[in-house]
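Okay, so here's the structure we're looking at.
The values are calculated or read from the model by the stated rules, or taken from the named source; none is laboratory data. Because the structure is a prediction, the values reported are computed rather than measured. Because the Cβ atoms are built from the backbone with ideal geometry, glycine has one as well, and the counts that use them run over all protein chains shown.
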Amino acid sequence: MRVISGKLKGRRLVGGKKMRIRPTSDRVKESVFNVLQEEMVGKRVLDLFAGAGSFGIEALSRGAEWVTFVDASQQSINVLKKNLRNLNLESKSTVVRLDGLKALNKLKQNFHMIFADPPYLKGFMQRIIDSITQSEILEKNGILILEHHKKETFSLPEEKLSVLKQKKFGDTVVSFLSKTG
């Protein structure tokens, strides 16, 4: 894993194969950030189910103001903190050890962007969408980016979220949703 662009371009991230983390591939990450382009500068970002922190670190490298990383695994949290320390990003981030779904109800701040990459095919997608639409955690016109398996489907409350774009990468789909209400 590496940082693809921005001020930390080319820097390597810790996150070995022995860990039970399924990191977002560089190809998927690059495509996501190509869609977002300048949307990142000055934004508050939530990296949900963060693993080693690849997405949130990329956001910071590209100008995000602040990233809150959430993961339930202590092993992931340890690796994430090491990555943040190695890249001097501790002052621009918060790390929270908490179940991703619980975090959506417990975090008191709101975000311009939420990236969620939960375990595939475990029923998380709809619950994430429902939690976000029932709270104020995502700002109006904010973007929810969901990385999920192509077999996972979800429904949207159209008055609250709309699909901006979907991109497919083999079995992986990235859905970009905008908060409308």
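What the table shows:
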| read-out | value |
| --- | --- |
| Scope the range 165-177; condition of a type in the set (S, T, N, Q) and either at pLDDT 90 or above or farther than 17 Å from PHE33 by Cα (or both); matching residues | GLN166, SER175 |
| Residues within the range 61-102 that are under 16 Å from ILE145 (Cα atoms), in a helix (DSSP H, G or I) and aliphatic (A, V, I, L, M), tallied | 1 |
| Those residues of the range 2-16 which are part of a loop (DSSP other than H, G, I, E, B) and not aliphatic (A, V, I, L, M), in sequence order | SER5, GLY6, LYS7, LYS9, GLY10, ARG11, GLY15, GLY16 |
| Yes/no for GLY56 being under 14 Å from the mean Cα position of the chain (by Cα) and either closer than 19 Å to ILE132 by Cβ or part of a strand (DSSP E or B) (or both) | yes |
| Among (1) more than 19 Å from ARG44 (Cα to Cα); (2) at pLDDT 90 or above; (3) not in a strand (DSSP E or B); (4) not charged (D, E, K, R) - the single one SER131 does not satisfy | (1) |
| Filter result for SER93 (surrounded by fewer than 15 Cβ atoms within 10 Å (Cβ to Cβ) and among the hydroxyl-bearing types (Ser, Thr, Tyr)) | no |
| Of all residues in the range 142-164 being at pLDDT below 90 and in a strand (DSSP E or B), the one that is surrounded by the fewest Cβ atoms within 10 Å (Cβ to Cβ) | VAL163 |
| Single residue of PHE115, PHE124 found to be in contact with an Asp or Glu (Cβ under 7 Å, 6 or more places away or on another chain), crowded, with 20+ Cβ neighbours inside 10 Å and of a type in the set (A, V, I, L, M, F, W, C) | PHE115 |
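Residues checked against (1) in contact (Cβ under 8 Å) with a residue 40 or more places away in the chain; (2) closer than 23 Å to PHE169 by Cβ:
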| site | (1), (2) |
| --- | --- |
| GLU58 | yes, yes |
| LEU101 | no, no |
| GLN109 | yes, no |
| MET125 | no, yes |
| ILE129 | yes, yes |
| LYS140 | yes, no |
